[in-house]
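To start, the structure itself, in structure tokens.
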Amino acid sequence: MNLPLSARIAWRYLRAKKSHSAVGAITAVSVCGIAVATAAIICVLSVFNGFRSLIAERIDSLTPDVIVTPAKGKVFANGDSLAEVIRNVPGVEIATPTILDNALAVCNGRETPVSIKGVTKKEYSKITALNSMIIDSIALPAAPSVDSDAEDIFEDDRDRATLIAVGTSARLNAFPGNSLLLFAPRREGKVNLANPAASFLRDSLIVTGVYQSNQADYDENRIVVDIDIARDIFLYDEEASAVEVKGRDGITSTELAEKIAASLNGGETSGAYVVKDRLRQQEMNFRMISIEKWVTFLLLFFILVIASFNIISSLSMLVIDKERSISTLNSLGMSKGKIASIFRWESIFVSLTGGAAGLAIGLLLCWLQQNFGFIKLQGDPSQLVVQSYPVMIDPLDILITFIPLILIAFVTALITGNFAKSRIG
């Protein structure tokens, strides 16, 4: 190694057998402490990356490439014509208006608040993977007209056909073939206290399928109906809560959102429209994961700082252990600054050795978990989306992990060097 003389002496001290076993033991503990903390940081950050990647994969199922929503209010006044405008944007394959609003559902003597999603069935089936999520484990009542084929349930041509989420099915005890009553408050007019029921609109639907997406937002209380039914229930004409867009092959969700935003209002959130790509539609989930990730990183960073105290202790003892060698070097003409730099280098070597070992251990553990899934998630395996903790290694996390290691090496080097300088007579 083409290193300065002080660095070569420091490297020799690191590898040499210490005259006092306590010095060697504390040095070993220092290296191990840094290694364990570094490995923990790499593993924890990789697990959070894995969960983020898992969410990104799951949102592809029921999340459109791009969604356009009103900047103010609940609905567009011209949802159908807006969808037509968006269809003409380069890169857009499908643009369909949707309605989302709340109502009360009643079935089999049970009732629950539900979120009604009104869609154009054929277009919505192409934008999302809802058809593939229809579960076939629910026994159908004797209803010959109901097709039990999961691929065809959503394509049922009957006007009153509807899909319900697994959470809605559980609350209402509703299964394919059951009749479902919906009650929605009138948006206009006054409440008739003598006849409160007159203040609600009522409609009857037939449950043709139950879906499960393994996403709480979609599985809890959602009902998917034809958009014309939703408009009838909520007294809409051409209004729409959103326009959902599917892009052509070869264009990313972000690029498509930028094109649509520029076409509609010259800016992503300016004007009357808000345009969001896939990731921005799940912004809250990703933000929470990022917050948890970096809070955990800070906690592990403090553990790394505490582990670095051992470096100062071990190197201080090393200075005392090498007092005779220090006196000899001083007598041979080495300056105090040069002697102090020996122990500065020693501190850097200890920190980087521990960091490199921890990095190797952390990457190895992540690789093993990624390929073999040794650490399992708690719970019923049949109800879990994944059986083991997901892991994804991000090179940027490795770089971020080394930043505190370099800071620790710099600070401990200064403290140890000053202590060594003070011991020179």
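The values are calculated or read from the model by the stated rules, or taken from the named source; none is laboratory data. Here the structure is a predicted model, which means the values were calculated and not measured. Using ideal geometry, Cβ is built from the backbone for each residue, glycine included, and neighbour counts are taken over all protein chains shown. Side chains are part of the model used for accessible areas, which takes the heavy atoms of the whole protein and leaves out ligands, DNA and RNA. Shrake-Rupley method; radii C 1.70, N 1.55, O 1.52, S 1.80 Å.
Can you give the calculated 222 nm mean residue ellipticity of the chain, where each DSSP H run of n ≥ 4 adds -39,500 (n - 2.57) and the sum is split over every residue, rounded to the nearest 500 deg cm²/dmol?
Details: 13 runs with 219 residues, N = 425.
Calculated at 222 nm, the ellipticity per residue is -17000 deg cm²/dmol.
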Subject >> Three semi-axes of the equivalent ellipsoid, segment 223-363, Cα gyration tensor, whole Å, largest first >> reply: 66, 18, 13
**OP:** Just reorder R231, R324 by solvent-accessible area, largest first, 1.4 Å probe, all chains present.
**Re:** R324, R231
**OP:** Express in Å², to the nearest 10, the accessible area of F200 obtained by rolling a 1.4 Å probe over the protein heavy atoms while all chains stay in place.
**Re:** 100
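Of all accessible surface on segment 331-414 at a 1.4 Å probe, what whole percent is carbon and sulfur?
Values: 3410 of 4660 Å².
Here it works out to 73 percent.
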Original post:
Ignoring ligands, DNA and RNA, how do C43, C107 rank by accessible area with a 1.4 Å probe, largest first?
Top reply: C43, C107
Original post:
Cα centroids of segment 311-380 and segment 108-126: how far apart, whole angstrom?
Top reply: 60
Subject >> Only Lys, Arg (+1) and Asp, Glu (-1) charged, at Cβ; segment 59-106 dipole about Cα centre in debye >> reply: 220
**OP:** With all protein chains present, calculate the accessible area of I67 using a 1.4 Å probe and round the result to the nearest 10 Å².
**Re:** 30
Original post:
Heavy-atom accessible area of W367 with all protein chains present, probe 1.4 Å, nearest 10 Å²?
Top reply: 130
**OP:** State in Å² the accessible area per residue of segment 192-262; use a 1.4 Å probe, count heavy atoms of protein chains only, and round to the nearest integer.
**Re:** 46
**OP:** Would you work out which of P176, L235, Q387 lies farthest towards the positive end of the dipole of the chain? Charges go on Cβ: Lys and Arg +1, Asp and Glu -1.
**Re:** Q387
**OP:** Report, to the nearest 10°, how far helix 283-321 tilts away from the longest principal axis of the Cα atoms in the chain, using its own Cα long axis and a range of 0 to 90°.
**Re:** 10
Subject >> For segment 33-103, accessible area per residue (1.4 Å probe, heavy atoms of protein chains only), Å² >> reply: 37
**OP:** For the chain, report the translational diffusion coefficient in µm²/s to the nearest whole number, using Stokes-Einstein at 10 °C, 1.306 mPa s, and a Kirkwood Rh over Cα pairs.
**Re:** 60
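What accessible area per residue, rounded to a whole number of Å², is obtained for segment 383-425 using a probe radius of 1.4 Å? Working shown, then result.
Working: 2380 Å² over 43 residues.
Value for segment 383-425: 55 Å² per residue.
Tell me the carbon and sulfur percent of the accessible area for segment 1-133, rounded to whole percent, probe radius 1.4 Å.
Carbon and sulfur together cover 58 percent of it.
Rounded, prolate or oblate, given the Cα gyration tensor of segment 347-425, with a/c below 1.5 counting as rounded? Intermediate values should be presented prior to the final figure.
On the way: a/c = 4.05, a/b = 3.70, b/c = 1.09.
Judged from the Cα gyration tensor, segment 347-425 comes out prolate (a/c at least 1.5, a/b above b/c).
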Subject >> Shape parameters for segment 39-84, alpha-carbon atoms, Rg then Dmax in Å >> reply: 18.4, 56
Original post:
Rank I400, I375, I86 by accessible area, highest first, at a 1.4 Å probe radius?
Top reply: I375, I400, I86
Original post:
Over segment 231-303, what percent of the accessible surface lies on carbon and sulfur atoms, probe 1.4 Å?
Top reply: 56
Original post:
Among 295-306, 349-360, how do they line up from the highest to the lowest mean number of other beta-carbon atoms within 10 Å?
Top reply: 349-360, 295-306
Subject >> Computed magnitude of the charge dipole of segment 299-357 (debye, nearest 20; Cβ of K, R +1, Cβ of D, E -1) >> reply: 180
**OP:** Relative to the longest principal axis of the C-alpha atoms of the chain, give the angle of the C-alpha long axis of helix 5-15, reported between 0 and 90° and rounded to the nearest 10°.
**Re:** 80
